[in-house]
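These notes concern the structure reproduced below.
Just so it is clear, none of the values below were taken in a lab; they were calculated from the coordinates. All figures in this text were calculated on a predicted structure; none of them were measured in a lab. All Cβ positions, even for glycine, are placed from backbone atoms using ideal geometry, and neighbour counts span all protein chains on display.
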Amino acid sequence: MDLALRYGMRVRMQQRLTRDELADVFFPSATKDEKVGIEVENGLVDPVTGCSVPYEGKHGARALLDAIVQDLGGDGLYVDGKDIIGAELPNGANFTLETGGALEYASNPSLGLAEVVRNTRSDMLRAAAIAGELGIALLSGACLPFTPRERIPWIPKPRVKVMLDYFSQLGEPGMYAEEVMGVTLSTQTSLDYVSEQDFIDKLRLHVLAAPIVAALFVNSPIVEGGYSGVLSRRMQYWRKFDPRRCGVLGFALNKNAAMSDVVDWAIKLPMIYRHVKGAPEDIHIAAPNRSFADLMRYGFGDDTWPTSEDFGLHLCQTWPHVRPRRGTLELRASDGLPWPYFSAAPAIWVGLTYDAEIRTRATAYLSDLTARQLESAIDDIAVKGLQTSIGIHEVKELARDLLHFARCGLQKRIDEGVDPEDILTYLEPLEQVSESEETFADKCITSWQDELKESPEAYIEKYRLPFE
């Protein structure tokens, strides 16, 4: 039966989205600035066992969020009007729980790199102190090293079950859904674009550079209490996870790439969940398992059709290395680093991106790399980090030169008075990795086997955020 008949003959009675309207979602406002946003994900773990704490209980995530609201001010964010899953701070930043119970901090974007780093550090340390009083450790890194999949504390949000059910039906592409949703961590950077051409220029550079930058950040060798045998188990999880939605956006490397290519890519994907009106508030339910393009043509099956808000929600159900949003590009390919070094992520991306000359030079330097080469290199980078190749190039050499470009870009911000001189120190941990060719994962393995004696409690003590 024709889908239009199956889902009713009201197609003509409701104005439906057009492809051009979807493209409008990406156009920035006329007053858009080049700000910097940071998102830092940290595990909430027991200081002795290292396992994720539950949602409920006096040592749980709910208690922590209640205490953050009480101590730091702001407003709680709730599901069903009762279960707190986040806190919006008076300064515009917020804490929210990831699907598997990790705590994500999202900064209020700032024009200054130093300012957003300073605010992030202050808010995160205050949260760590509150958590410490509750017997909870905030653990930085890229994978929760001691939480088995059967002990992931899924938060009370309807979309969590919808997503788990969806991925359970995918076979191999969904086999690591629980690990991806429940134990992986990262530090993500959001950067602005100010026009369509600016969008394409920045997206192209980010797509080219993301796997190389990720090689400098590999930092997840310990999984379920033991050495995994690789430098980034997180990258391996994401590499296998529903590849249609993740990885390299190859179309960005095409000569005539445009914003509309993002639309074409996104509408081919099935929507996982959607908003519906509920009581006491909107909730998420499973969307029909069809592409967004088909939903635009035939509706959801309940006499409703997608809106631009649905398309925005659909984009949140994609996780490529670089995720396009309205006015921003979100860099999400890299592992999270140990706490003291979280500022390295925004530093390298701001340095590479926000000066037009540096961006052009860096893009030209990487221009002979292909999407296929970038995609295939990810497997090797997860295992060997800098000691691998992309095409004919050694990753360690590419990384070294990208760090040079980034330092030049940051220096220009200093010269122009946008940021203070100490932003150059944010790059130093990565420059040390490049010079020594010893990654954070290498250091973690050595420490785990020698200094820490493979003790979860010792590991947490070493890598948790300071809390006093």
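Structure summary
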read-out	value
Virtual paramagnetic centre 7 Å along Cα→Cβ of GLU309, amide N under 14 Å, in region 51-89	none
Per-residue HN-Hα couplings for region 225-231 [Karplus 6.51, -1.76, 1.60; θ = phi - 60°; Hz; x = Gly/Pro]	x, x, 5, 7, x, 10, 7
Distant-in-sequence amide H partners of LYS35 (H built 1.01 Å from N, under 5 Å)	ASP192
Note, ³J(HN,Hα) from phi for region 373-389, Karplus 6.51, -1.76, 1.60, rounded to Hz, x at Gly and Pro	5, 5, 5, 6, 6, 4, 4, 5, 4, 4, 8, 10, x, 5, 8, 8, 10
Amide H within-cut-off set for SER220, under 5 Å, with H built and near neighbours excluded	SER232, ARG233, ARG234
Relative contact order of region 42-89, defined on C-alpha pairs under 8 angstrom at six or more residues apart (%)	24
Cα-based shape type of region 378-468, given that a ≥ b ≥ c are square roots of the gyration tensor eigenvalues and the cut on a/c is 1.5	oblate
Nitroxide proxy distance, nm - points 7 Å out along Cα→Cβ at ASP33 and GLU421	2.5
Estimated FRET transfer efficiency when R0 is 25 angstrom, pair ASP66-GLU468 (beta carbons, to 0.05)	0.75
Under the Debye formula (equal points on every Cα, no solvent term), log10 I(q)/I(0) of region 252-378 at q = 0.14, 0.17, 0.22 Å⁻¹	-0.83, -1.05, -1.36
log₁₀ of I(q)/I(0) at q = 0.18, 0.21 Å⁻¹ - region 144-261, Debye sum with one point per alpha carbon	-1.08, -1.22
HN-Hα J in Hz across region 209-214 - Karplus 6.51, -1.76, 1.60, θ = phi - 60°, x for Gly and Pro	8, 4, x, 5, 4, 4
Taking only Cα atoms of the chain, radius of gyration then Dmax in Å	21.9, 69
Over 16 Å [Cα-Cα, region 68-121], rounded percent	46
Amide H within-cut-off set for CYS246, under 5 Å, with H built and near neighbours excluded	TRP319
Relative contact order %, region 120-278, counting alpha carbon pairs below 8 Å whose residues are six or more apart	28
Largest-first ellipsoid semi-axes for region 309-447, taking √(5λ) over the Cα gyration tensor eigenvalues, angstrom	23, 22, 17
Gap separating the Cα centres of region 253-320 and region 384-444, nearest whole Å	37
Point-to-point label distance, GLU21-ARG244, nm (Cα→Cβ direction, 7 Å offset)	2.4
